[in-house]
Amino acid sequence: MHLYFHIPFCRQACHYCDFHFSTSLSQKETMVQMMIRELDLQKDYLQSSQIQTIYFGGGTPSLLSTHELSLLLNAIHKNYTVLPEAEITLEANPDDLSKPILTTLSQQGVNRLSIGIQSFHDPHLRFMNRIHSAQEAEVCVKQAQEVGITNLSIDLMYALPASNHAIWEQDISQALALGVEHISAYCLTIEPKTTFGNWVKKKKIEPIEDEFAAEQFEILMQSLDSQGFEQYEISNFAKNQRYSQHNSAYWQRKPYLGIGPSAHSYNGLSRHYTINRNAAYIQALSEYTIPATVEELSMTEKVNDYLLTGLRTRWGCRLEVLQELSLETYWPRMQKDFESIQKRGWIELENDVLRLTHAGKFFADRVASELFLED
Ligand code: SF4
């Protein structure tokens, strides 16, 4: 089973981000106590007590003090059996980490870091309102390697306004030079409720053309492929099969429990969405209630969820699973749509597994939606 913790605090708001977080840290200690309480209340949500992966995401989990992190880890150990080989990931920003902190994290059992670097180009970092510099990012990765945390992922972002292919190629080269075995690279999407969204509305910046974004995606895929990275999910690349076990479980529809404001959970039958306001979350938990809505998944939603996440991965979507989820009606209903997409060269069917082709990776969401079942 898989555990996720949403740590809803950041030092400052990045201009592109629409995740749930607060830049006021005054409630951090209380939040940790309430998350421990939620974990306790939710301990029977999933049918297993054995933990395979733990993921601290956010927000900025590296804002937790090592003491706060140990409180959360102790609560997990109290309620569950954490398997010795469990993957324990912490998302971190470079400016929060130092060698002593990294050493403590490693001693606490954190064995994977996902470091939010985004770019090695300082003007881009400032443009995005990132708090760290390119040099801090490099030092942080090297220090993590020195203390023995070698399962490292770094996040990069492409298709930034004011970028060009030379800067993007330089970003990728610098990431590769650090010797990490996992890279997550995301295309910037400008969300309306962000600073970038506001700037687009005021015509302060121009949104990026699809063609430019597609060219940068192609540069990314070719550069990483030539260095032995496997694109095991549209935005995730790994060397030597250093896949994120936590995210892979999520993409393969394995049950997980999410703790904290805005976290989601999935138990195979329904999804559970926790409220995305820190104050309301703390208030509800202080009264021993969990402020969440539960959505029972219909047959159509289960099929469409599987298509949306599965098609983006190396594992693709198995016809057998689609048939099982749809009570055997999927293929008779959707075969014609599949053939139409296949003619465009975007999808293939091999050994009863649907997978995107290279060309199809540029249209992943569109392909999935064309294969969706309708009620
Ligand atoms: S990108 Fe990360 S650090 Fe920046 S505001 Fe969003 S959650 Fe916080």
Quote the relative contact order of the chain in percent (integer), defining contacts as alpha-carbon pairs under 8 Å separated by 6+ residues. 16 percent
Under 16 Å between alpha carbons, and skipping anything fewer than 8 positions from LYS361 in its own chain: which aspartates and glutamates qualify? ASP210, GLU211, GLU215, GLU218, ASP225, GLU230, GLU233, GLU348, GLU370
Gaussian network model of the chain, Cα springs within a sub-10 Å range: biggest mean-square fluctuation belongs to which of ASP305, ASP210, ASP40? ASP210
Given the C-alpha centroids of region 291-323 and region 86-118, what is the distance between them in whole angstrom? 31 Å
Please compute the per residue accessible area over region 2-251 with all protein chains in place, 1.4 Å probe, rounded to a whole number of Å². 44 Å²
Only helical DSSP H runs with n ≥ 4 go in: add -39500 (n - 2.57) per run for the chain, normalise by residue count and round the 222 nm mean residue ellipticity to 500 deg cm²/dmol. -12000 deg cm²/dmol
In the Gaussian network model of the chain, springs joining C-alpha atoms below 10 Å, which of TYR306, TYR288, TYR243 carries the largest mean-square fluctuation? TYR288
Please compute the net charge surrounding THR194, taking Lys and Arg as +1 and Asp and Glu as -1 over other residues with Cβ under 11 Å from its Cβ. 0
For LYS43, list the lysines whose Cα falls under 29 Å from its own Cα; do not include residues on the same chain fewer than 8 positions away. LYS28, LYS78, LYS254, LYS302
Sequence-distant lysines (8 or more away, or on other chains) whose Cα lies within less than 22 Å of LYS142: LYS99, LYS239
Residue order for LYS142, LYS343 - accessible surface, 1.4 angstrom probe, largest first: LYS343, LYS142
Among ASN276, PHE217, SER173, whose Cα sits farthest toward the positive end of the charge dipole of the chain (+1 at Cβ of Lys/Arg, -1 at Cβ of Asp/Glu, about the Cα centre)? ASN276
Using a Förster distance of 30 Å, the FRET efficiency for GLN107-THR289 (Cβ separation, nearest 0.05): 0.25
Using only the Cα atoms, work out Rg/Rh for the chain, with Rh taken as the Kirkwood radius, to two decimals. 0.96
Taking the Cα centre as origin and putting +1 on Lys and Arg beta-carbons and -1 on Asp and Glu beta-carbons, what dipole magnitude results for the chain, to the nearest 20 debye? 660 debye
Quick one: accessible area per residue over region 321-375, 1.4 Å probe, rounded to a whole number of Å²? 60 Å²
Say we join alpha carbon atoms closer than 10 Å with springs in a Gaussian network model of the chain; which of ASN151, ASN111, ASN79 then has the biggest fluctuation? ASN79
Accessible area of SER163 in the full protein assembly, 1.4 Å probe (Å², nearest 10): 20 Å²
In the chain, which cysteines lack any other cysteine Cβ under 4.7 Å from their own? CYS10, CYS140, CYS187, CYS317
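The values are calculated or read from the model by the stated rules, or taken from the named source; none is laboratory data. Being a predicted model, the structure only gives us computed values, none of them experimental. No Cβ is skipped: glycine too gets one built from the backbone with ideal geometry, and neighbour counts run over all protein chains shown. For accessibility, only protein heavy atoms count, side chains too; no ligands or nucleic acids. Shrake-Rupley method; radii C 1.70, N 1.55, O 1.52, S 1.80 Å.
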